[in-house]
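To start, the structure under review is shown below, and the notes come after it.
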Amino acid sequence: MFFDQITDKPKEECGVFGIYSHKEDVALTTYLGLFALQHRGQESTGIVVSDGVNVDIKRGMGLVTEVFRDGLPELPGHMAIGHVRYSTTGASLAINIQPLKVCYAGGNLSLSHNGNLTNAKKIREKLAQEGAVFQTSVDTEVIITLIARSRGATIEDKIAEAMRELTGAFSLVIMTDDKMFAVRDSYGYRPLCIGKLDTGYIISSETCALDAIGAAFVRDVLPGEVVVISSDQQEFTSYFFTPPREKLARCVFEYIYFARPDSVIDGQCVYQSRVAMGRQLAKENARIQADIVVSVPDSGTPAAIGYSLESGIPFLEGLIKNRYMGRTFIQPEQKKRANSVRMKLSAVKSLVEGKRVIMVDDSIVRGTTSGKIVRLLKDAGATEVHMCVSSPPVTYPCFYGIDTSVRKELIAATHTEQEICEYIGADSLHYISMAGLRQVFATKRAENMCYACFTGEYPETTDCNNKNIFE
């Protein structure tokens, strides 16, 4: 499993993007869209462009700006799809970079996937026994193989038939020689939305990418829906590959941490959700006496602001983030690795010295970094540090496209709240309650969220067949 080794945060899953337009520079627009989605994956990226007959593809390991430093795909096509990736299924190898592209009996077929299939291994083994040959180790190849091998009469039938074989999370952008498709799994685990330019349509993981290219938000792709785009100006069509579910399972961690705060997912603003989580934290911990509220930047900032607004305790930037320390920061020795938090964050001594500090963060996963940040504040002169977390304790792994580790590595799964508090050296530790978190989503049917990483109640029980992940 993979983590940001400095912040001890689970890695974002992936981001997908697509454009259909005869007027726009589709490669450049996709580049800009992927740049806006960079937070969802910083391991690799790729773009596939089509003119309806020919296909041009460029992919590579690294950030969007690194991979396309020497230029974009040169084909002047009218369709393009793109992808930014962190590996969830499949190793971090160049061969696994998306979008995937194949040529089959029906023509060219390209696909970008955000999510994680829970039955990929089973399907892969079955397809291999039937003669299918796999070039990668990613579950995305299972999807594209199912579509290509389907005996459905039309591409729409092929996609629907393939989707009904899958379990787990999948938000997809699919491109054929003449159409583009957006597909979302029937539980709606991962976000996916539709945008409109004057001269074409956009598909994106988040609305922040629509804003970046000046596209208008149309609507979210519905769980279980396949959206079909085959024209610049005519209205897109859609169909459902499965009947709508009574209860959905949208990932709550999108709102807590993963999504960009300026995105709106399924009608709910991410930033406002995080502020509401902070307000709820303050309501639940009104007895804490403190002088200032600080955040662990940047993901903890909206919740810290919410805490401040509700409690009346002033919010100050007591911790400053080094924004030039990116994914390429070199940590060649253990001693230097141990100091990495101090390279990433620094405390403002003049603000925290002699103060009782409430430190707000979005989550604690393994606990390896929280203690170092508490120590930063105390070394800067904070007299007390009370840590408040805008998510409940993470006690179970995620199977749907987030690397949250095997259960034994999740500190809240093996330690009490008091033990964690002592481990990180805080004067007190407070998580938002499950009831409080649900209250944040009360207007959006809180029961339609997936809380499995907190409760162990998985929407699909087949996910638990892999018992060793709980050890």
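The values are calculated or read from the model by the stated rules, or taken from the named source; none is laboratory data. Quantities reported herein were computed from a predicted structural model and do not represent experimental measurements. Note that each Cβ is placed from the backbone with ideal geometry, even for glycine, and that neighbours are counted across all protein chains shown.
Residue pairs whose Cβ atoms lie under 9 Å apart, sitting 6 or more positions apart in sequence or on different chains, and linking a residue in region 73-93 that is over 20 Å from LYS121 (Cβ atoms) to a partner that is at pLDDT below 70, are VAL84/GLU12.
For region 367-393, enumerate the residues that are within 22 Å of the chain's Cα centre (by Cα) and either modelled with pLDDT under 95 or of a type in the set (Ser, Thr, Tyr) (or both). Talk me through it step by step, then tell me what you get.
So in region 367-393, the residues within 22 Å of the chain's Cα centre (by Cα) come out as 367-370, 389-393.
Selection gives GLY367, THR368, THR369, SER370, SER390, SER391.
The set of residues in region 221-262 that are part of a strand (DSSP E or B) and within 16 Å of the chain's Cα centre (by Cα) comprises ARG250, CYS251. Scanning region 164-179 for residues that are in contact with a Phe, Trp or Tyr (Cβ under 9 Å, 6 or more places away or on another chain), surrounded by fewer than 24 Cβ atoms within 10 Å (Cβ to Cβ) and on the phi < 0 side of the Ramachandran plot yields ARG164, LYS179. Filtering GLY224, GLY200 for residues that are touching a residue at least 60 places away in the same chain (Cβ under 8 Å) and over 14 Å from VAL16 (Cβ atoms) leaves a single hit, GLY200. Pick from region 245-266 the residues that are of a type in the set (Lys, Arg) and at pLDDT 95 or above: which of them is farthest from ARG164 (Cα to Cα)? Among those that are of a type in the set (Lys, Arg) and at pLDDT 95 or above, it is ARG260. Remark: pairs (first residue in region 232-248, more than 30 Å from ASP25 (Cβ to Cβ); second residue in a strand (DSSP E or B) and among the aliphatic types (A, V, I, L, M); Cβ separation under 7 Å; 6+ apart in sequence or on different chains) = TYR239/VAL226; PHE241/VAL226.
On the stretch given as region 219-262, residues that are surrounded by 15 or more Cβ atoms within 10 Å (Cβ to Cβ) and in contact with a helix residue (DSSP H, G or I) (Cβ under 8 Å, 6 or more places away or on another chain) total 16.
Checked against the criterion of being farther than 23 Å from MET163 by Cα and in contact with a helix residue (DSSP H, G or I) (Cβ under 6 Å, 6 or more places away or on another chain), the candidates GLY60, GLY46, GLY52, GLY71 yield just one match: GLY60. Considering only residues in region 390-414 that are outside any loop (DSSP other than H, G, I, E, B) and touching a residue at least 60 places away in the same chain (Cβ under 8 Å), the one that is nearest to ASP298 (Cα to Cα) turns out to be GLU409.
Restricting region 113-159 to residues that are in a loop (DSSP other than H, G, I, E, B) and in contact with a His (Cβ under 9 Å, 6 or more places away or on another chain) leaves a set whose member that is surrounded by the most Cβ atoms within 10 Å (Cβ to Cβ) is VAL138.
Identify, from the list ARG342, ARG356, ARG366, ARG375, the residue that is surrounded by fewer than 22 Cβ atoms within 10 Å (Cβ to Cβ) and within 24 Å of ALA435 (Cα to Cα).
On the way: ARG342 fails: within 24 Å of ALA435 (Cα to Cα); ARG356 fails: within 24 Å of ALA435 (Cα to Cα); ARG375 fails: within 24 Å of ALA435 (Cα to Cα).
Being surrounded by fewer than 22 Cβ atoms within 10 Å (Cβ to Cβ) and within 24 Å of ALA435 (Cα to Cα) holds for just one of ARG342, ARG356, ARG366, ARG375, which is ARG366.
How about region 424-437: which of its residues are outside any loop (DSSP other than H, G, I, E, B) and surrounded by fewer than 16 Cβ atoms within 10 Å (Cβ to Cβ)? Give the derivation first.
To start, the set of residues in region 424-437 that are outside any loop (DSSP other than H, G, I, E, B) comprises 424, 428-431, 434-437.
Result: MET434, ALA435.
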